[in-house]
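Peer 1: Dumping the structure here so I can ask a few things about it.
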Amino acid sequence: MAAAAAAGDRLLEYPIWAWHWGTPASLPLPWQRARIWRLEPDQLAAKRAAISSFVTQVRPLSDGPGLGPVLSAGFLEHFTRPLEVLLT
């Protein structure tokens, strides 16, 4: 925040972990500052490829109990849709 202010730039915040902590209705975020950024097909493809490269986060580590993906399918849904939610 301080760096953006010092440079006279607008700060955009990306609520990555907000999707893990709860739902839009349950999170005390400034939703009035939320803006939608639509992704072009090539941007979405690049983003999905980047996410899938984090194998230890998105795939089971083994067949053993408790060794499933670190990030749930529900959490990942927020990052594979054709838009971003940014806070201005």
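Peer 1: I need the Debye-formula profile for segment 1-46: one equal scatterer per C-alpha, no solvent, reported as log10 I(q)/I(0) at q = 0.22, 0.27 1/Å, two decimals.
Peer 2: With one equal scatterer per Cα and no solvent, log10 I(q)/I(0) is -0.97, -1.01.
Peer 1: Once you list every other residue whose beta carbon is under 15 Å from the beta carbon of residue 43, what net charge do they have if Lys and Arg are +1 and Asp and Glu are -1?
Peer 2: So the surrounding residues net to +1.
Peer 1: What is the helix-to-structure angle for 41-52, meaning the angle in degrees between its Cα long axis and the longest Cα principal axis of the chain, kept from 0 to 90 and rounded to the nearest 10?
Peer 2: 50
Peer 1: Considering only protein heavy atoms and a probe of 1.4 Å, how much of the accessible area of the chain is carbon and sulfur, as a whole percent? Spell out each step's value before the answer.
Peer 2: Details: 3980 of 6310 Å².
Here it works out to 63 percent.
Peer 1: Can you bin segment 14-88 into rounded, prolate or oblate? Criterion: square roots of the alpha carbon gyration tensor eigenvalues sorted a ≥ b ≥ c, rounded for a/c under 1.5, prolate for a/b above b/c, oblate for the rest.
Peer 2: Numbers: a/c = 3.48, a/b = 1.41, b/c = 2.46.
Oblate.
Peer 1: Of the peptides 80-86, 5-11, how do they stack up when ordered by the mean number of other Cβ atoms within 10 Å, highest first?
Peer 2: Numbers: 80-86: 13.9, 5-11: 9.0.
Packing order, densest peptide first, comes out as 80-86, 5-11.
Peer 1: With n ≥ 4 as the cut-off for DSSP H runs, can you work out [θ] at 222 nm for the chain, using -39500 (n - 2.57) per run divided by the number of residues, rounded to the nearest 500? Walk me through the numbers on the way to the answer.
Peer 2: Working: 5 runs with 31 residues, N = 88.
Helices in the chain give a 222 nm mean residue ellipticity of -8000 deg cm²/dmol.
Peer 1: Continuing with this model, one more query. Using a probe radius of 1.4 Å on heavy atoms only, what accessible surface per residue do you get for the chain? Whole Å² is fine. Each step should come with its number before you reach the end.
Peer 2: On the way: 6310 Å² over 88 residues.
It amounts to 72 Å² per residue over the chain.
The values are calculated or read from the model by the stated rules, or taken from the named source; none is laboratory data. Only a predicted model underlies this, so the values are computations on that prediction, with no experimental measurement involved. Because the Cβ atoms are built from the backbone with ideal geometry, glycine has one as well, and the counts that use them run over all protein chains shown. In case anyone asks, the SASA skips ligands and DNA or RNA and just uses the protein heavy atoms, side chains included. Shrake-Rupley method; radii C 1.70, N 1.55, O 1.52, S 1.80 Å.
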